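What follows draws every value from the coordinates through simple rules; no lab data is involved. Because the structure is predicted, anything quoted here is derived from the model rather than measured. We place every Cβ from the backbone using ideal geometry, glycine too, and count neighbours over all the protein chains shown.
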């Protein structure tokens, strides 16, 4: 069997890995980029995550569902090719489409698509992302019309009745999207309310807005069986009183979270340690238990966002080629957005979390309907809330559940990382009429 030698072997064509591959090639390093599927060049975000879902979300109420799926497919096909060509055009990067298995802490066996080779790498990088959890429900594997989020977005017909198992962020985002296309959506949630890591007033507002869009919720429910009845799916569940109920739908979306994609990689042969959930264990420099093997992105657990994978690249790059000052411990507050309609965005602590951590807090909130820009664009649903340290005037956290919050939250994140007081944010001069000027009123 042929042995090829590289300065770096990167397993997984995700955001962190592809960016690192390009940078290392520019430093004169020879790089092997291994991706097992030609449909995943560019990683989960481009092919199965944020880009296709946001394409469908933006087109809701503007296009038919079939037209939106067509445009979405054209978009990700273009981006996938662009990502492949960008690396494949580099003389020092070999893009290898095959399955990778570690056989030692320096060697990887690549096999498939006519390839059967062992590669040797001075440094190795795990960037294999995450995969959707499949809950342990009777009939889940053999029943048709059961989908993960990635599978659901490839379907070209809109289900008249859609059930979503799981009321977390993915479930809520898809419930809003499919309701706006016209599906009759029911969300089954095991808990007694939505998104428990958010404050109750925020969760209540999210529920109210989604119910206004036509989404129904079944709380404290336990789905225990699914089965086909001709072309439909019968869901059997226990309600909050323990009584068995049945409902028939056209499709079921599984939104039970995601887990690190580490199975079958042979990491035990490289002596790379995993935690109980299968996440790769890393230090603040993203080194695994084997110092010359790093992990980036979803595969190491924690926040599962493509921009975290990109910042992981910056940490690894600085550790290998820079000052070694950049770490996971000093990258500051991380904001996130959930693209329900309107967008839900948050940074920092909730009120409940701040109080639990011993802060003396004061909170401020306002309805989105009071924002001039929200009325101009006829998107007045939602609420804005900030949590402030009463002793220092520092912003501890902020929730923006309103139109365009995915842009607004970055300003608040920057203010928190620069340790601006809430008064300084409240006195900032914003352009008018914009959604961002609402921060004058929220923090004023």
Report summary line: DSSP beta bridges in the stretch 146-256: the antiparallel percent, rounded to 5, is 50 percent
**Report entry** Gain in span if fully extended, residue 289 to residue 329, counting 0.36 nm per residue against the direct Cα distance
**Finding:** 12.6 nm
Query raised in the report: Which length gain, in nm to one decimal place, applies between residue 392 and residue 37 when the Cα-Cα distance is subtracted from 0.36 nm times their residue separation?
Result: 122.7 nm
Query - Two-decimal log10 I(q)/I(0) for the stretch 336-443, as the Debye equation yields it once each C-alpha is a single scatterer, q = 0.10 Å⁻¹ - result: -0.25
Report task. Return the Cα extents of the stretch 45-89 along principal axes one, two and three, sorted largest first, each rounded to a whole Å. Result -> 39, 16, 12
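Using only Cα atoms, what Kirkwood radius does the stretch 243-315 have, in angstroms?
Computed over the stretch 243-315, the radius equals 14.4 Å.
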Query raised in the report: Per 20 Å bin, what percent of the C-alpha pairs of the chain does each bin hold, from zero upward?
Result: 23, 52, 24, 0
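Give me the one-decimal Kirkwood hydrodynamic radius in Å for the stretch 71-117, with the sum taken over alpha-carbon pairs.
12.7 Å
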Query raised in the report: Given that compact globular proteins tend to follow 2.2 N^0.38 Å, what is the ratio of the alpha-carbon Rg of the stretch 1-122 to that value?
Result: 1.22
Query raised in the report: Based only on the alpha carbon positions, what is the Kirkwood hydrodynamic radius of the stretch 206-356, in angstrom?
Result: 19.6 Å
Query raised in the report: Restricting the count to DSSP beta bridges whose residues both fall in the chain, what percent are antiparallel, rounded to a multiple of 5?
Result: 60 percent
Requested in this report: For a footprinting-style exposure proxy, rank 160, 225, 35 by other Cβ within 10 Å, fewest first.
Outcome: 160, 225, 35
Query raised in the report: In the Gaussian network model of the chain, springs joining C-alpha atoms below 10 Å, which of 351, 284, 142 carries the largest mean-square fluctuation?
Result: 142
**Report entry** Relative exposure of 285, 294, judged by other C-beta atoms within 10 Å (fewest first)
**Finding:** 285, 294
Report task. Report the full-extension gain for the segment residue 27 to residue 244: residue separation times 0.36 nm, less the Cα-Cα distance, to one decimal in nm. Result -> 71.9 nm
Query raised in the report: Given Cα pairs under 8 Å that are at least 6 residues apart, what percent is the relative contact order of the stretch 303-444?
Result: 22 percent
Report summary line: Per the C-alpha gyration tensor (a ≥ b ≥ c, the square roots of its eigenvalues), the stretch 208-276 is rounded if a/c is under 1.5, else prolate if a/b beats b/c, else oblate; here it's prolate
Report summary line: Taking the alpha-carbon centre of each part, the distance from the stretch 396-444 to the stretch 257-336 in Å is 31 Å
Query raised in the report: Per the helix-only calculation at 222 nm, which mean residue ellipticity applies to the chain, given -39500 (n - 2.57) for every DSSP H run of n ≥ 4 and division by its residues, nearest 500 deg cm²/dmol?
Result: -8500 deg cm²/dmol
Query raised in the report: How far apart, in nm, are two points set 7 Å out from the Cα along the Cα-to-Cβ line at residue 216 and at residue 122?
Result: 6.3 nm
Requested in this report: Apply the Debye scattering formula to the stretch 146-256, with a single equal point scatterer on each alpha-carbon and no solvent, then give log10 I(q)/I(0) at q = 0.14 Å⁻¹.
Outcome: -0.52
**Report entry** Relative exposure of 339, 321, 125, judged by other C-beta atoms within 10 Å (fewest first)
**Finding:** 321, 339, 125
Query raised in the report: Roughly what percent of Cα-Cα pairs across the stretch 50-188 reach past 26 Å?
Result: 45 percent
